[in-house]
Every structure is written in structure tokens, then in C-alpha cells.
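This report concerns only the one structure given below.
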Ligand SMILES: Nc1ncnc2c1ncn2[C@@H]1O[C@H](COP(=O)(O)OP(=O)(O)OP(=O)(O)O)[C@@H](O)[C@H]1O
Ligand code: SF4
Ligand SMILES: [Mg+2]
């Protein structure tokens, strides 16, 4: 179990230092036999878009070759630009979305080899998901009491009286006054709605909660409250948490480990307290340089060109069209997990950032190799192929 974490006291980058437990313990916990809670092995998700020719519709490579594991009680943050596959990874992990190929296991058992009823029971009881926008995630016609009671009814948990008790317990767990039990979602504030969504995710006592941008649709003033609630619950209930957010500094502070994704691939997995200055993948360094801490502001690492389309990922390393270290090998060969990786810090790069190289020096290095039109990451427009008409595979 993680050590107690500090509470989040402001939104965004004002979050105080170190909310997570000692990151270095993670590899051992992950590797220790029997401690794995959920895992993806070589998971791919390929969608077919409506764009392209009549018989050759474009493929969208939403997730490619993902290998991911999470241990009980661990918090893993997922970062990357819009469209890089964060939500896809999250949905595949909790069995909401079936991967096109690869395996998803929960407590060592292959989810998609189970019969549908068993899979639904395993996923329903073992995992909970909190989505970005509570106003669309909750049934607007049902009062809070019924929203929380639903999963208990579906999974036949306890007697009717015990279910009523559980609803009350859940409301108090997430700090919702009992008087709101008969309120409809539309009568609640955004923060209250997200509390209901969190309570619903916890209804069946899951071991794993996946929170996909749980605060980005909320008012800035309530974001810290919801983050604190998630952290409190994680510790009180011993939950494993996968936390997806664009607010990468908050992700870093909340997590034990941080996963960086780029164009559908996991390109680095690093202990959270090493990710800012000791990450080895150029993209992770560029990403974190774009939102530096307040104490030591620096210019972001400049990158060249837009994010390529997920329908036509570049040959070789997907980051090579923007990477200041790219060469011919990068254009030809997809990097394997680098030999210099350790069990707790893995990265895929032919020419990783030298160990201990400060970000300031990388800014200068990238600027020296960049043409004048190079832009900082935050300024780069990100194409979103979801705007194209599409359908499920
Ligand atoms: N049903 C679908 N059909 C076609 N393409 C899809 C579908 N769902 C997702 N995609 C595409 O898959 C890629 C990954 O999408 P995903 O939603 O996982 O990204 P994300 O990192 O969560 O983005 P954001 O930060 O904007 O939420 C994107 O290119 C997206 O357009
Ligand atoms: S493999 Fe090459 S292009 Fe990809 S991140 Fe490493 S140096 Fe850059
Ligand atoms: Mg998403």
C-alpha cells in the first residue's frame, strides 16, 4: 500500500510537491509474483474510419502494442497529447472496449477468454470507471439514490436493506449530504455530480478505479476537491488508480508511475519522481518541459511540425517527424524497449536523452537543430481524426 499522500491544495500547477508514495518501490511491487492486478499484453486497437476509398477505408491506430501492468494499491498516471490513445488504453484496461488483438487480464485471468456473463461480473465488481464529464456519464432521469443502487441491483449485492445502507454509506464516503439522495443529476453542481460518479464507480468495492480526465469538465475551483477525494479514497480503500489527465504536473504528483503515450504507443514508463528531469525519451522531456514547475520556469523544448495522423503513423519511430534527435535509423526501425531500461523505467528510443541531462540543455540542443518555424509543444495544433465520420470496428 502507498504511504499517505499530501493533499492537493490548488488547481493545476499550484499543486504542492509529492503526492505519491516512493516511486522506486513500484518496480518491485509490480514484479513480485501475484501482485499484478490488471495487465495488457501487446494490446492493439484499430478502428476503421469512413474516410479513404470505398474498399480501403482508413485505419485508425488508436493503440499499438501496449504492454501495461498495475499492482494493487498503485497509482499510474497516463499522459500524452490529445488523440494519443489515453482513453483507449483506459477503456481496454477495464474491459469497456475489446482490443483488436492482444490480451487484457484481471487478476491473472484473460478477460476476453471468459464467457460474457463472467466477464461482466469480473469487470463490474473488480473495476470502476470515472469519466470526464459527469453530466453525460450519469442517467439524467434517475435520482442519486437510484444511480448508486443500480450496480448493486445488477450484481445482486446483499439484501434490499443492505443495498439501501450501502447507498447511504457511498454518499457519505464521497462527502454527499444524504438530503441529495432524491436529487436528479441536473439539480447538482458539477462537483457534486462527479462525486456521484465516483461513488457509483466504488459501489461494488472495486480494486481498480480508472479516472479518465475526472476534473477537466469541472470548474477550476472544485478540481482540487475532487482530486483530494480520489486520493483519500484510494488510500482509505487501498485502490489501484489509473489517472488520465492533460494536467501533467498533477498527474506526476498523484502517481507512483507515469506512462507517456504518443500516437497510440506507450513510449516511456517512468517512476513519477524521475519523470521531469530524468525521463529518457525525448517526447516525455518535451511534454514536461511545456508545463514546467513554477519555481524554475524554462522555455519549452521546441518541436518541429504537427502531430502526424493516427491513420498514417510514420515509419519507424512515431515521434521521428518532430524529434530533434531523429536520424535515418529512427525513420526505418521502430525502437524496441531500450537496453538501458530498468524494470521500473522503460523507454523506446534509439538515441535516448543522456542520463542526468538537464532540460535546459535539451532546450538548447533542440533549438540548435530546429528550423526557424519550430514551435513549442503547447502551440502545436493537434489533428483529431475523430472529427472524421467513423464507425466501430
Ligand atoms: N470509435 C472510434 N473510431 C475511430 N477512431 C477512433 C474511435 N475512438 C477513438 N478513435 C481515434 O483513436 C485515437 C485515440 O483516441 P483516444 O480517445 O484514445 O485519445 P485520447 O488520448 O484519449 O485523446 P483526448 O486527450 O483528446 O481525450 C484518436 O486518433 C481518435 O480519433
Ligand atoms: S527513436 Fe529516434 S526519433 Fe524516436 S524518440 Fe528516439 S531519437 Fe527521437
Ligand atoms: Mg481521452
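The values are calculated or read from the model by the stated rules, or taken from the named source; none is laboratory data. Keep in mind that this is a model prediction, so the values were computed, not measured. Quick reminder, even Gly has a Cβ in these numbers, built from the backbone with ideal geometry, and neighbours come from all protein chains shown.
Of all the numbered requirements in (1) closer than 23 Å to residue 211 by Cβ; (2) surrounded by 22 or more Cβ atoms within 10 Å (Cβ to Cβ); (3) near ligand 1 (Cβ under 8 Å from one of its atoms), residue 83 misses one, and that requirement is (2).
This table checks each residue for (1) within 27 Å of the chain's Cα centre (by Cα); (2) modelled with pLDDT under 95; (3) surrounded by fewer than 19 Cβ atoms within 10 Å (Cβ to Cβ).
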| position | (1), (2), (3) |
| --- | --- |
| 79 | yes, no, no |
| 87 | yes, no, no |
| 110 | yes, no, yes |
| 114 | yes, no, yes |
| 136 | yes, yes, yes |
| 142 | no, no, yes |
| 156 | no, yes, yes |
| 174 | yes, no, no |
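Count, please, the residues in region 254-280 that happen to be touching a strand residue (DSSP E or B) at 6+ places or on another chain (Cβ under 7 Å), assigned to a loop (DSSP other than H, G, I, E, B) and either farther than 18 Å from residue 86 by Cα or within 16 Å of ligand 3 (Cβ to nearest atom) (or both). Of the residues in region 254-280, 3 are touching a strand residue (DSSP E or B) at 6+ places or on another chain (Cβ under 7 Å), assigned to a loop (DSSP other than H, G, I, E, B) and either farther than 18 Å from residue 86 by Cα or within 16 Å of ligand 3 (Cβ to nearest atom) (or both). For region 23-48, enumerate the residues that are in contact with a helix residue (DSSP H, G or I) (Cβ under 8 Å, 6 or more places away or on another chain), crowded, with 18+ Cβ neighbours inside 10 Å and at pLDDT below 85. If the condition is that a residue be in contact with a helix residue (DSSP H, G or I) (Cβ under 8 Å, 6 or more places away or on another chain), crowded, with 18+ Cβ neighbours inside 10 Å and at pLDDT below 85, then 23 is the only one that fits. If you go through region 55-90 and keep only what is in contact with a strand residue (DSSP E or B) (Cβ under 7 Å, 6 or more places away or on another chain), in a loop (DSSP other than H, G, I, E, B) and over 20 Å from residue 249 (Cα atoms), you end up with 71, 72, 73. Of the listed requirements (1) buried (at least 24 other Cβ atoms within 10 Å of the Cβ); (2) more than 16 Å from ligand 2 (Cβ to nearest atom), residue 285 misses just one: (2).
With the structure loaded, tell me whether residue 307 is surrounded by fewer than 21 Cβ atoms within 10 Å (Cβ to Cβ) and either within 16 Å of ligand 3 (Cβ to nearest atom) or not in a loop (DSSP other than H, G, I, E, B) (or both) or whether it fails that test. When the stated conditions are applied, residue 307 does not pass them. Only a single criterion out of (1) under 18 Å from the mean Cα position of the chain (by Cα); (2) within 29 Å of residue 234 (Cα to Cα) is not satisfied by residue 278, namely (1). The helices (runs of 4 or more DSSP H) falling completely within region 91-202 that include 2 or more residues that are without any contact (Cβ under 8 Å) to a residue 60 or more places away in the chain and either away from ligand 1 (no atom under 16 Å from the Cβ) or closer than 24 Å to residue 62 by Cβ (or both) map to 116-126, 144-154, 160-173, 190-202.
Among residues of region 270-284 that are within 13 Å of residue 301 (Cβ to Cβ) and modelled with pLDDT of 95 or more, those with a beta-carbon under 7 Å from a residue that is in a loop (DSSP other than H, G, I, E, B) and within 16 Å of ligand 1 (Cβ to nearest atom) at least six positions away or on a different chain give the pairs 282/319; 283/319. Within the set of pairs 6+ apart or on separate chains, which have a first residue in region 313-334 that is free of Cβ contacts under 8 Å to residues at least 24 places away in the same chain and on the phi > 0 side of the Ramachandran plot, a second that is assigned to a loop (DSSP other than H, G, I, E, B) and exposed (fewer than 13 other Cβ atoms within 10 Å of the Cβ), and C-beta atoms under 6 Å apart? Matching pairs, first to second residue: 316/333. Scanning region 298-312 for residues that are more than 22 Å from the chain's Cα centre (by Cα) and on the phi < 0 side of the Ramachandran plot yields 298, 299, 300, 301, 302, 303, 304, 306, 312.
Restricting the first member to region 337-352 and to residues that are modelled with pLDDT of 95 or more, and the second to residues that are within 16 Å of ligand 3 (Cβ to nearest atom), the beta-carbon pairs closer than 9 Å and six or more apart or on different chains are 346/266; 347/260; 348/265; 348/266.
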